[in-house]
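The values are calculated or read from the model by the stated rules, or taken from the named source; none is laboratory data. This structure is a prediction, so every number in the text was calculated from the model and none was measured. Neighbour counts run over all protein chains shown; Cβ positions are idealised from the backbone, glycine included. We work out accessible area using only protein heavy atoms, side chains counted, and drop any ligands, DNA or RNA first. Shrake-Rupley method; radii C 1.70, N 1.55, O 1.52, S 1.80 Å.
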Amino acid sequence: MQVSITSSGRRLLPQQRQCLARRHAPTRAPHCSSAGATLQQHQAANPAGLPTLEQAGSSASSSSSSGSSEGNSLGGQLVAQPPRNSAAPIAAAAVAPHAAVFAGAQARTRSSQVLAPGSIVTAALMNKLVGTQAHTEGDSYTTVDRVAYQGVPGAYSESAALKACPGWEPLPCEQFEVAFQALSQWMAERAVLPVENSLGGSIHAVYDLLLRYRLHIVGEVSVSVNHCLMALPATKKADLRRVMSHPQALAQVDGYLRRMPGVVREAVDDTAGAAKQIAEQQLEGVGAVASRRAAELYGLEILEEGIQVSRVKDMTDNITRFVVLSRDPLVSTVPSAGGQRWKTSIVFSLQEGPGQLFKAMSVFALRDINMTKIESRPMRSKPIVVSAETANGSGTRAFNYLFYIDFSGSLADPQCQNALRHLQEIAPFLRVLGSYPADTEL
């Protein structure tokens, strides 16, 4: 049995529906249930009984609008109680329905006033939506099947968003963080963002944002990338003096561009955005690395296709993996051994000392849990740590890391529950980013 947010709307308890009906009561703020009932609801949605990160000193509004800082996250305590921020609006509504429901209604009202059909959400527009006051008397939140992605129409991220959420309305965003904000501010019900590529490696900016924002991974999808070199009609390859694209795309076609002497590379925010800029500004002698669909949308001529293919035989596949984000976690009460493959993503830190990483990996190896990915990132709030003093009285300085891990299994699996409990004993910081069905269509 799986419980998730569906396109038909958000599932609420009877007490929560009564709260929504009383949200305009003039005398006092309504409350839905006692603290004990709220904890029971959280435990029912968290069969593993695992602790969640309760941030110190953060509020619902600050968390949803700008994301919680890494320093506050690492300074929090692991407690078995529901999160208090708008990243989990159902749990928040059980405690303070005004904060959760009004935030969604205000964001929906402001977005409908400012966001025109086909518009691209920019950082400036997001600030306008957040800073605008709207009258919400009589407004109610209704689910809109909208999925946010970074880029413009024709981007690979748009293809991933439509593949992950077929039939949904795509919401293009200027930057990765704007897509996170659009989901946090209730402008979209899902966000689809890239996390790694088979040739270019991990997209570190998205990993950093996963830690800053209290959103949850509820799925993943893979997209095969086929880069094309394109330019204005009647342009020849020998005429190109500059090639524009996203930094990841430029890295993926590095071998190809090296064989074009005299061509300068220019990094932009998006592959399809490079094609759009060339078409709108009629840039002669400038090429773009983007998808075939981008060339068709913006009227450019494809000079060569499949330019990401390397001369090395084993490097012909170019696949980008995307994660699907939601404000609420996807909960399963059926162990993954029952059929569908599941994957769980976590992030944690370790104390400085010999064998600490080995101990962390052992909690999975001892239970025959397959780790599919491990990624280390320096801790931005405290990047340097000083180890214990040595015999000569001096300590050594070293990087302080966060570790992102994906492993096979669901939080409903007893061995996964025990592994995370074991890891919690040696990890000062531990957070579950999401447990979701694994993508098997690479």
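Listing for the model above:
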| quantity | calculated |
| --- | --- |
| Of Lys237/Lys276; Lys276/Lys382; Lys163/Lys382, those spanning more than 30 Å from alpha-carbon to alpha-carbon | Lys276/Lys382; Lys163/Lys382 |
| Loop trypsin sites (Lys or Arg not before Pro), region 256-311 (other Cβ atoms within 10 Å of the site Cβ: 11 or fewer; DSSP) | Arg259, Arg311 |
| Solvent accessible area, Å² - Lys236, 1.4 Å probe, full protein context | 140 |
| Accessible area per residue in Å² at 1.4 Å probe, computed on region 189-243 | 31 |
| Surface per residue (accessible, 1.4 Å probe) for region 349-442, Å² | 53 |
| Residues whose placed amide H lies under 5 Å from that of Ser410, excluding near-sequence neighbours | Ser336 |
| Distant-in-sequence amide H partners of Gly434 (H built 1.01 Å from N, under 5 Å) | Ile217, Ser345 |
| Mean-position separation - Cα centroids, region 175-229 and region 247-265, in angstrom | 24 |
| For Ile319, solvent-accessible area (1.4 Å; no DNA, RNA or ligand), Å² | 50 |
